[in-house]
Amino acid sequence: MKRLLIAASGTGGHLFPALAVAEYLGDYQIEWLGVADRLERSLVANDYPLHILKVQGFQSRKLSLSTFKVILSQLQAIIKVKSLLAELKIDVIFTTGGYIAAPAILAGYWAGVPVVLHESNSIPGKVTRFLSRFCRVTAIGFQQTASYIKNTKLVGNPVRNSFLIPQSLDIPVTKEQFLIVVVGGSQGAIALNNLVRACVEDWVKYGAVIVHLIGANDNIQFQTEGYYSFPFYSNMASLLQRADLAVSRSGSATLAELAATSTPSILIPFPFAAEDHQYYNARAFERAGAAFLYRQEQITAELLKQIVLDLINDPEKLNQMKKATADLTVLDSAKQMAKIIRGL
């Protein structure tokens with residue numbers, strides 16, 4: 001049996017595409033490389049052997065003592081991963097970027113193990129730009145990314161199989177009710193949450209039901225009829241398949257899921273994302289007519305409230321957005337990635 005090491009850690013943007021690809025590689029022995037106290041502990045550890053690295057990412061461009069500590073942690077991680085590759089007899093490495101990708105890619109290059117890298121954002125991160133040269137294949141989710149990296153293969157962004165198969169929603173929403181799903185990403189989004197809560201009562205008056213994924217760090221108690229809040233919802237596919245509209249951040253994994261379920265959206269990018277990549281991800285949806293795009297500092301509760309009410313009263317516009325969103329998806333992206341990995 002072939003052996004695959006997946007290096008994906010931290011956020012849903014890195015983990016969910018990797019999990020989607022893993023679903024098509026059931027004939028491989030899959031080992032997972034992660035970091036302690038991150039999302040992979042809950043999403044991965046029950047299904048795949050999880051190997052923990054003590055590694056840090058660069059938080060600042062300025063040279064300081066912390067910079068040298070990060071460099072040291074990366075060097076130690078490279079040595080550990082190289083040892084792990086030999087111990088586990090790994091045939092190929094697959095990574096979705098982030099700072100855990102650096103030791104995986106460099107150790108693979110050092111050990112002669114081929115590496116497949118997938119960059120899901122339209123503006124690639126620093127790790128991808130520098131380290132893609134050491135990878136056998138660099139797959140990308142957006143065509144725009146090819147202007148930053150040489151020798152890429154456009155495959156779209158993988159989504160889990162559950163998004164491609166009809167799911168049952170266990171929240172009481174009738175066919176007649178307008179369902180708004182609010183998504184702050186796997187880490188949550190306090191600013192977005194506060195913005196939405198200021199609009200909820202007016203939306204409910206118009207017959208809408210709101211399902212709000214607030215993340216683990218939001219402790220504000222807010223209750224009203226027709227409003228449901230959860231830190232995390234395991235069957236995200238069922239929510240988006242039923243949703244009439246999403247109000248969301250624009251991480252690449254979330255956008256891929258919106259596209260797979262043809263869900264129209266109002267996108268409010270996380271303003272502090274590296275390289276402002278969430279904004280550029282969202283622009284592709286806005287230009288296609290699939291979403292409204294607003295920077296966080298541009299939008300107010302009053303404006304958001306009115307945009308949603310206008311869409312509730314304009315089913316034709318929503319249908320246009322739905323069709324435009326569907327056109328953005330690559331339904332076999334995960335299957336394409338699995339084929340690339342098998343080819344090595």
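Only the coordinates and a few stated rules stand behind these numbers; no lab work does. In this text the structure is predicted, and so the values were computed from the model without any measurement. Cβ sites come from the backbone with ideal geometry, for glycine too, and all protein chains shown count toward neighbours.
For this structure, a couple of remarks:
- Vicinal HN-Hα couplings computed from phi for the range 129-137 (Karplus, 6.51 cos²θ - 1.76 cosθ + 1.60; Hz; Gly/Pro x): 4, 7, 8, 4, 5, 8, 9, 6, 9
- Amide proton proximity set for I30, modelled H, under 5 Å, gap of 5+: L4
- Rough spin-label spacing in nm, given labels placed 7 Å along Cα→Cβ, for K126 and F272: 1.7
- Mean-position separation - Cα centroids, the range 103-131 and the range 237-281, in angstrom: 25
- Near H212, the amide H atoms lying under 5 Å from its own belong to V182, Y228, S229, F230; only residues 5 or more places off or on other chains count, and H is placed 1.01 Å from N.
- Protection proxy ranking, highest mean first, for peptides 164-171, 255-262: 255-262, 164-171, where packing is the per-residue count of other beta-carbon atoms within 10 Å, averaged.
- Using just its DSSP H runs of length 4 or more, each adding -39500 (n - 2.57), the chain gives a mean residue ellipticity at 222 nm of -11500 deg cm²/dmol after division by all residues.
- Relative to the longest principal axis of the Cα atoms of the chain, helix 12-22 runs at roughly 70 degrees.
- Interchain or long-range residues, amide H under 5 Å from F270's placed H: S250
- Global geometry of the range 192-231, whether rounded, prolate or oblate, following the gyration tensor of its Cα atoms and the 1.5 cut on a/c: prolate
- Rounded tilt (10° steps) of 315-326 against the dominant C-alpha axis of the chain: 10
- Reachable lysines, given that their alpha-carbon falls under 27 Å from the alpha-carbon of K150 and they are not under 8 places away in the same chain: K82, K126, K335, K339
- Those residues of the range 136-165 whose amide nitrogen sits under 15 Å from the label point placed on K339, 7 Å along Cα→Cβ: 139-140, 153-158
- Ordering K335, K69 by the number of other Cβ atoms within 10 Å of each residue's own Cβ, fewest first, gives K69, K335.
- Global geometry of the range 253-317, whether rounded, prolate or oblate, following the gyration tensor of its Cα atoms and the 1.5 cut on a/c: oblate
- Loop-resident sites, the range 76-111, for trypsin sites (Lys or Arg not before Pro), counting at most 12 other Cβ within 10 Å (DSSP): K89
- The mean of 1/r over all distinct Cα pairs in the chain, once inverted, gives the Kirkwood hydrodynamic radius of 20.8 Å.
- Calculated from backbone phi, Karplus (6.51, -1.76, 1.60) coupling profile of the range 195-204 in Hz, x at Gly/Pro: 4, 5, 4, 6, 9, 3, 4, 5, 5, 5
- Shape call, the range 171-279: gyration tensor on alpha carbons, a/c limit 1.5: oblate
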